[in-house]
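The next block holds one structure in the form of structure tokens; read it before the comments.
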Amino acid sequence: MKKLFLFLAVILAASAAEAKLKLPAIFGDHMVLQRGKSAVFGWADPGQKVTVSIAGKKAAGKADAEGKFRVPLALGQAGGPYALVVTSDESVTLTDVLVGDVWMGSGQSNMEFATKASSDASTEIPKADFPKIRLFTVEKTASFTPVSDVKGSWQVCSPGTVGDFSAVAYHFGKELHEALKVPVGLVAASWGGTGAEDWTPRADLDADPELAKLAKDWEANQVQRTAWTEGFPYDLSVSDIRLIPKDKSGKEIQVPVSPQDGKGTWSASVKPGCTGDVETGPAMRFHGKMMGGGWGSVSTNLGSPTIDLSGYQAIEFQVKGTGSYKLTLGQPSIGDYDYYAMTQTFTAGDSPQKVHVEIADLKQGGWGSPKAFTPESITTLNFSIQVPYWPDLPSVAYNAMIDPLTGFPIKGVVWYQGESNAGRAGQYAQLLSGLISGWRKAWGERFPFIIIQLPNFMARQAAPVESGWADLREAQWEVSQKVPAVGLVTTIELGEAENIHPKNKTEVGRRAALWALKNVYGKKIEASGPQFMKAKRSGGKVLVTFAGKGLKTRDGGEVTGFALGDQDGRYHWAKAKIQGNGVLVWSEDVPEPYDLRYAWADNPDCNLVGSNGLPAGPFHVKLAERPVPKPGADNYIPPPPEN
């Protein structure tokens, strides 16, 4: 009987422990609560009264039938630090809590880009001693259904904490903090490679027939869906690894696949939640189970500490098994995401097959700044499993990284994303508009939403051409014009031709803060460069008028970046001259212009700025209707045949 009572006591104690008051991860020591209308939410026993107190203010609520509670809280002025006390049948006390403004930074890799990787990290990080700026990074995870909580914790901004935090979000918050003298909380929720649809609530995708196809197409792909919901087994056996010399005088190197003479030792690395085991023998075998969004690789050292491959042309090996893989070569100066890799994957099958890889064809992964391939300094040879990553997964990042935060009041959002949607610019304006609408509905607030427009990238073209990145920038501009309380930050000259992750994030954050200071906080400042107003054609010339002060060129030279379209739809570079608050544009090749473009390229040569040095943004404008082409003209399209 005593044992029975003891057993029941243990069960009751365990049940009580499960029912204890709990706050989500966004509530913690060192946090910032939004001044004005705020709230505290979490879980308690169903029907339990919950009391919240901070800075002499108190509010109460009650947990619903599912044990969820949300207590609205009017906080008034910024200040702190305070203690936040939440009480039901027990009490939770959070310390060093500030009241100020909370901003979220979200998007893909350029928002995720860490402060320590920025061009001025060596000077900015030592100065990042801001005890009233607080940082919260949402751990990257995905889900097909909304989840209840995120993973992460608040940190006080300091030289020791800011290095791993989003550079754009940090510099944005720093500028606000210094200008407003109030505490600033920064929540970074971003993931490299994600499309806008990954961050859009499912209901807002389904509400638009075109966007609904994104989800339906995904759900119809059973292979991809299984990878994410159940995972998939993989198995790679590699044998007969040989380094092939460039000429007959060189000596072929055989890479051991099992331990011998201190070489041939392989080690695996996989993402938590996935598995990866290594076996050696006649072949090296790497096998396990992988989940969508996971990663795994197996590596061996080629030399101590490096091996010289400058005299070698190719790497050959035999493979067998299941799954798709890439070969990569490690170097001391390059991180794992940037290893030089095959541009195409190889797929292992039931029968052995030979894979031949030309060393000259290996390309750097591209996540960091480009570095020269140094074949004389190879450290490792690696095989990585290729996993379904972001094949337009609808709503999965929103469900896991945004939805759990929607009860937490914020001041606004800074959004840096679009690279992954550049091939679908015609859809992007709808998609981003739906995302903004969905987030605002979820929060119940029409908060400001600041879009970082894509910068210049890729090779500069000698002649005017069509551009996917220019189309995407136009879609971003369109959203800023049609959706209320949306800002656009031009970064058209802050990019790098060979790096999709440009390092000057300080200026990006500063420009976003300028927009917020003017349009959210009411500061009387010039927050942008010249803004296009209208274009008027007179004969063969076009007068383009701008809003803004002190129109000039960045380099003091002639205006560059304008192109005019002729009656056949071909574009030609144009000459341009500043006249007051306008620019006169003309081209000898286009006596009668029908369209005008400015900064319309992947990486445009454009130099128009205002008195504050900020650039004019890209735009295009239709000047007149083109005449219907006649038979024999280059652009004539014959009518369809009659039935």
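Note on segment 23-73: residues that are out of contact with any Leu (no Cβ under 6 Å at 6 or more places or on another chain), outside any loop (DSSP other than H, G, I, E, B), without any contact (Cβ under 8 Å) to a residue 24 or more places away in the chain and under 16 Å from Leu84 (Cβ atoms) total 4. For residues that are part of a strand (DSSP E or B) and under 14 Å from Leu623 (Cα atoms), scanning just segment 585-609, find the one that is farthest from the chain's Cα centre (by Cα). Ranking the candidates gives Trp586 first.
Residues Lys181, Lys216, Lys246: which one is closer than 30 Å to Asp308 by Cα and surrounded by fewer than 16 Cβ atoms within 10 Å (Cβ to Cβ)? Spell out how you get there, then give the answer.
Values: Lys181 fails: closer than 30 Å to Asp308 by Cα; Lys216 fails: closer than 30 Å to Asp308 by Cα.
That would be Lys246, the only listed residue that is closer than 30 Å to Asp308 by Cα and surrounded by fewer than 16 Cβ atoms within 10 Å (Cβ to Cβ).
Does segment 108-124 include one or more residues that are touching a Pro at 6+ places or on another chain (Cβ under 7 Å), open to solvent by less than 10 Å² (accessible area, probe 1.4 Å), modelled with pLDDT of 95 or more and of a type outside the set (D, E, K, R)? Spell out the reasoning first.
Residues of segment 108-124 that are touching a Pro at 6+ places or on another chain (Cβ under 7 Å), as a first pass: none.
No, segment 108-124 has no match at all.
Among the residues of segment 285-296, those identified as at pLDDT below 95, open to solvent by less than 30 Å² (accessible area, probe 1.4 Å) and at negative phi are Met290, Gly292, Gly294, Gly296.
Any idea which residue in segment 371-390 is modelled with the lowest pLDDT, counting only those that are of a type outside the set (D, E, K, R) and farther than 24 Å from Pro256 by Cβ? Spell out the reasoning first.
Restricting attention to segment 371-390, the residues satisfying the condition of being of a type outside the set (D, E, K, R) are 372-375, 377-390.
When the remaining residues are screened for being farther than 24 Å from Pro256 by Cβ, the result is 372-373, 386-390.
Numbers: Ala372: 67, Phe373: 69, Gln386: 88, Val387: 84, Pro388: 73, Tyr389: 65, Trp390: 57.
Restricting to residues being of a type outside the set (D, E, K, R) and farther than 24 Å from Pro256 by Cβ, the top hit is Trp390.
Restricting segment 541-555 to residues that are modelled with pLDDT of 95 or more and in a loop (DSSP other than H, G, I, E, B), the residue that is surrounded by the fewest Cβ atoms within 10 Å (Cβ to Cβ) is Arg554. Residues that are closer than 21 Å to Pro201 by Cβ and in contact with a helix residue (DSSP H, G or I) (Cβ under 8 Å, 6 or more places away or on another chain) within segment 140-176 comprise Lys140, Thr141, Ala142, Ser143, Phe144, Thr145, Pro146, Val147, Ser148, Asp149, Val150, listed in sequence order.
Here Ala459 passes the criteria (1) open to solvent by less than 30 Å² (accessible area, probe 1.4 Å); (2) aliphatic (A, V, I, L, M); (3) within 22 Å of Leu494 (Cβ to Cβ) except the one numbered (1). Taking the listed residues Leu211, Leu186, the one that is under 24 Å from Val508 (Cβ atoms) and open to solvent by less than 10 Å² (accessible area, probe 1.4 Å) is Leu186, with no other qualifying. For first residues located in segment 149-168 and without any contact (Cβ under 8 Å) to a residue 60 or more places away in the chain, partners that are assigned to a strand (DSSP E or B) and lie 6+ apart or on another chain with Cβ distances below 6 Å form the pairs Cys157/Phe130; Cys157/Ile133; Cys157/Leu135; Thr161/Gln155; Asp164/Ala114; Phe165/Leu135. Exactly one condition in (1) more than 25 Å from Gly418 (Cα to Cα); (2) open to solvent by 50 Å² or more (accessible area, probe 1.4 Å) is not met by Phe144; state its number. So the condition that Phe144 fails would be (1). In segment 217-224 there is at least one residue matching the filter, namely being modelled with pLDDT under 90 and not in a helix (DSSP H, G or I).
The values are calculated or read from the model by the stated rules, or taken from the named source; none is laboratory data. Keep in mind that what you see is a predicted model, and the values were worked out from it rather than measured. Note: ideal-geometry Cβ built from the backbone for every residue, glycine included; neighbour counts use all protein chains shown. Calculation scope for accessible area: heavy atoms of the full protein, side chains included, ligands and nucleic acids excluded. Shrake-Rupley method; radii C 1.70, N 1.55, O 1.52, S 1.80 Å.
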